[in-house]
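J.: Can you read through this structure? Questions will come right after.
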Amino acid sequence: MPDLFIAPPDQAPRSAWRRECSACGACCSAPDIAALAKPLGVPCVHLAPEQPGVGCLCRQYHERPQVCRNYRPDWVCGEVSPLPTLTQRTQRFLELYGLEILERSGPSGV
């Protein structure tokens, strides 16, 4: 039986523990998504603004890339979803994975 807590090196750590999506938006903001040319810590351009009582929703949900379809809410979502803002949820998501955003430089390198 495979160990459910060991992820292939090209994937983020996964947990066997699952939960329902809370529409917190962190999974659409924190990780980099190559299929969308989305950098680390930047909200996806398809992420709609947060709405009270609804949360953050994808504007292209039915056409989203496979990497987004494969994501399953887990314990990380439980850690970040109670935070009040998308910025705070994104930061906590990155902290949980030990990631940090390097200073982005403009086209001139400044």
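What follows is calculated from the coordinates using simple rules that are stated; it is not laboratory data. Because the structure is predicted, anything quoted here is derived from the model rather than measured. A quick note on method: Cβ atoms are made from the backbone with ideal geometry, for glycine too, and the neighbour counts reach across all protein chains shown.
J.: Which cross-chain or sequence-distant (5 or more) residues have an amide H under 5 Å from the amide H of Leu47, H modelled 1.01 Å from N in plane?
T.: Amide H neighbours of Leu47, under 5 Å, 5+ apart: Arg59.
J.: Apply the Karplus parameterisation 6.51 cos²θ - 1.76 cosθ + 1.60, with θ equal to phi minus 60°, to every residue of the range 38-51 and state each ³J(HN,Hα) to the nearest whole Hz, in sequence, with x for glycine and proline.
T.: Running phi through 6.51 cos²θ - 1.76 cosθ + 1.60 with θ = phi - 60° gives 9, x, 4, x, 10, x, 4, 5, 8, 7, 6, x, 4, 10 Hz.
J.: For the range 26-96, build the convex hull from the C-alpha positions and give me its volume per residue in Å³.
T.: Roughly 89 Å³ of hull volume per residue.
J.: Using amide H atoms built 1.01 Å from N in the peptide plane, name the residues 5+ places from Gly25, or on other chains, whose amide H lies under 5 Å from its own.
T.: Cys56
J.: Ok, one more. Pull out a ≥ b ≥ c, the square roots of the eigenvalues of the alpha-carbon gyration tensor of the range 36-75, then state rounded if a/c is under 1.5, prolate if not and a/b is larger than b/c, and oblate in the remaining case.
T.: It is rounded, given that a/c, with a ≥ b ≥ c, falls under 1.5.
J.: Report the calculated FRET efficiency for Glu79 and Asp32 (r = Cβ-Cβ distance, R0 = 22 Å), to the nearest 0.05. Write out the running numbers ahead of the final one.
T.: Values: r = 20 Å, r/R0 = 0.89.
Calculated value: 0.65.
J.: Additional query: Once you have the Cα-Cα distance between Glu95 and Tyr61, take 0.36 nm times their residue separation minus that, and quote the gain in nm to one decimal.
T.: 9.6 nm
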